[in-house]
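Each remark here refers to the structure printed beneath this line.
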Amino acid sequence: MSVVQVGSYGAGEEAANCARQDGCRVEEGEALAELGGRVPAAQQVENAQEDAAEDEAEGEQGAAALGGGHGDEHDGRQEDGGPARYNILLPRLHKDLRLTFVRPPCTHTTCLRKNPDPNASFTSRSQSAKNQQMDSKTATRILSQDAYSVTLNGLGIKQAYGAQLPSNSPCEDRYNRAQSVPLWQDEKWVGVTIFDGHNGCQTAEHLEKELLKAVQAKLNTLEPESRNDEAIQHAIQATFTEVDKAIITDYTQLARNKEMALAEKVPYMEVAMAGSCALLVLYNPKTKTIYTACTGDSRAVLGRQNADGTWQVVPLSEDQTGANESEAARVQAEHPNEEVVKKGRVLGLGISRSFGNFRLKSTHEDQDEFGMRFLQGGALPKDDIPTPPYIIATPVVTVTKLDDRPSFVVLACDGIWDNCENYEVVDLVVRWLEALPERTLADMGWTLRLTPETVWWKKEPPAPADYPPGFDFLERWNNVDVRFRQERAVIEDLDNVAVHILRNACGGNHWELLRARLTYRPPFSRYVRDDLTVQVLFF
């Protein structure tokens, strides 16, 4: 017989020890189920076997646990002076478990409760939730939990900011902060990346460690006479393709290596089976040139000030998805006799270019073999994938020349762009800039011309912050836009523009929307926000 650890899910270790000492035991038939949350006080001890039978009939969905909650101190007797009736706090148990008392039940107040009130646990939980309601400081702390700022003196970047807000656990996004990239012995560029993973974080994590270094190494092989824009574009494209090829071939070759332990092969499998987008921005301060490489649907956008104080919005990348007509046409042309793109997705995947994603780059036979080797499920139907690969990692690389006008670049994963348009993010950055103290702008070396009063966001007043109570996501289906809205824009994070963008993408001054999105935890948070990563470079 094994002692029931009563305190392990609600009453604490003290209660568990108390239960051990006072003889609460279980005779094991099968096994303990996963320890869960508080079990409602519902049944008495004498009904345990009957309840277990009912649980079995309902697919073992019900709890076989008996009663319980925290109660007031008592002397073990009912009000009428008779013997007290007790309910016992237990974990959820499988059907073939039998409760026995070796000695009379423990009377510790955290283990037992006399005549439990069925509404007590609900009241307790409600009060607990009320006590833990998020305040503005907590919201800021969550939004800023992975924020940074850095100055890259002498490299043409006056200031760089970044922030990340996870949704998945672990977060599937990875990134390289803005950093110096030494090239050709006598030059230093700036490199910054975002990797938006899917089906796991492993591919993105691998790229975070390897891709920028690989691009640097490839560029260092260029001879002085061939360091032109076209050669640099080709070098970046070749690096992306080579890194992805290594991911796939390392997996397939090592999987068949009988001299290598399975545990050593698993990391290679994970990197190949998961997937990731990649967004790379390289800046050459000598020529004031931005090279943007995009695989997938992360996006880079340039904001550049015009002479009249307005701002120009320049996309530096294009989303590579099945909804992009040019990408859909490219994929379909590579597989002319197949219906590859359906409803904007490539064989079910939203993006048309990606690292990893072994199942969309391999044959049915390989998928079947490696699925059995690693217990990773069966292959896609053979008729659905007759001519792999269906997605590629080769990026589209653009070249953009800067001038002396104030400029900045925003890099972000698709979770930001799902909530904001390009011009809205640029406007958010501009509004943040105009709210900065003059001294801060001077420290950045910026001479900023204020936007004219005729710009749309200055003409339209912000919405009041006191929204009607009772908000939930049913509003979304009643034509209430939960994406970013200009009238909800708020400026609270003057120390970091990336945090400022995160806050506004999640709700802005709509406190109930913002607080709700930040309160959700994995896996439920995935339905209200994606992993969010954003970086901003000021030139």
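The values are calculated or read from the model by the stated rules, or taken from the named source; none is laboratory data. As the structure is a prediction and not an experimental result, all values here were calculated from the model. Cβ coordinates were reconstructed from backbone atoms using ideal geometry, including for glycine residues, and neighbour counts include every protein chain displayed.
Annotations
- Any chance K401 is basic (K, R) and under 19 Å from V192 (Cβ atoms): yes
- Residue within segment 355-370 that is β-branched (V, I, T), over 26 Å from the mean Cα position of the chain (by Cα) and not in a loop (DSSP other than H, G, I, E, B) present: no
- Meets criteria (within 17 Å of the chain's Cα centre (by Cα) and assigned by TED's automatic domain parsing to the domain that holds G415) for R526: yes
- The set of residues in segment 385-398 that are under 30 Å from the mean Cα position of the chain (by Cα) and either among the hydrophobic types (A, V, I, L, M, F, W, C) or surrounded by fewer than 20 Cβ atoms within 10 Å (Cβ to Cβ) (or both) comprises I385, P388, P389, I391, I392, A393, T394, V396, V397, T398.
- Qualifying positions in segment 176-197 - surrounded by fewer than 24 Cβ atoms within 10 Å (Cβ to Cβ) and either in a strand (DSSP E or B) or under 19 Å from the mean Cα position of the chain (by Cα) (or both): N176, R177, Q179, S180, V181, P182, L183, E187, K188, W189, V190, G191
For (1) part of a helix (DSSP H, G or I); (2) closer than 23 Å to S354 by Cα; (3) in the same structural domain as R353 (by TED's automatic domain parsing), each residue gets a yes or a no:
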site: L222; (1), (2), (3): no, no, yes
site: E225; (1), (2), (3): yes, no, yes
site: A238; (1), (2), (3): yes, yes, yes
site: T241; (1), (2), (3): yes, yes, yes
site: A246; (1), (2), (3): yes, yes, yes
site: Y251; (1), (2), (3): yes, yes, yes
site: K258; (1), (2), (3): no, no, yes
site: V266; (1), (2), (3): yes, yes, yes
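- Being crowded, with 17+ Cβ neighbours inside 10 Å, more than 26 Å from A293 (Cα to Cα) and over 27 Å from the mean Cα position of the chain (by Cα) is a property that H335 lacks.
- The lone exception for A393 - which of (1) of a type in the set (A, V, I, L, M, F, W, C); (2) more than 30 Å from V346 (Cα to Cα); (3) touching a Phe, Trp or Tyr at 6+ places or on another chain (Cβ under 8 Å) it fails: (2)
- The sole residue among P406, P395 that is at pLDDT below 95 and within 30 Å of Q305 (Cα to Cα) is P406.
- Residue pairs meeting the criteria (Cβ under 9 Å; at least 6 apart or on separate chains; first of a type in the set (K, R), in segment 373-397; second part of a loop (DSSP other than H, G, I, E, B)): R373/R256; K382/T363
- Selection of first residues in segment 460-486 that are within 23 Å of E421 (Cα to Cα) and of second residues that are modelled with pLDDT of 75 or more and aromatic (F, W, Y), restricted to Cβ pairs under 9 Å at least 6 apart or on distinct chains, gives the following pairs, ordered by first then second residue: A465/W511; F473/Y527; V480/F471; V482/F473; Q486/W456; Q486/W457.
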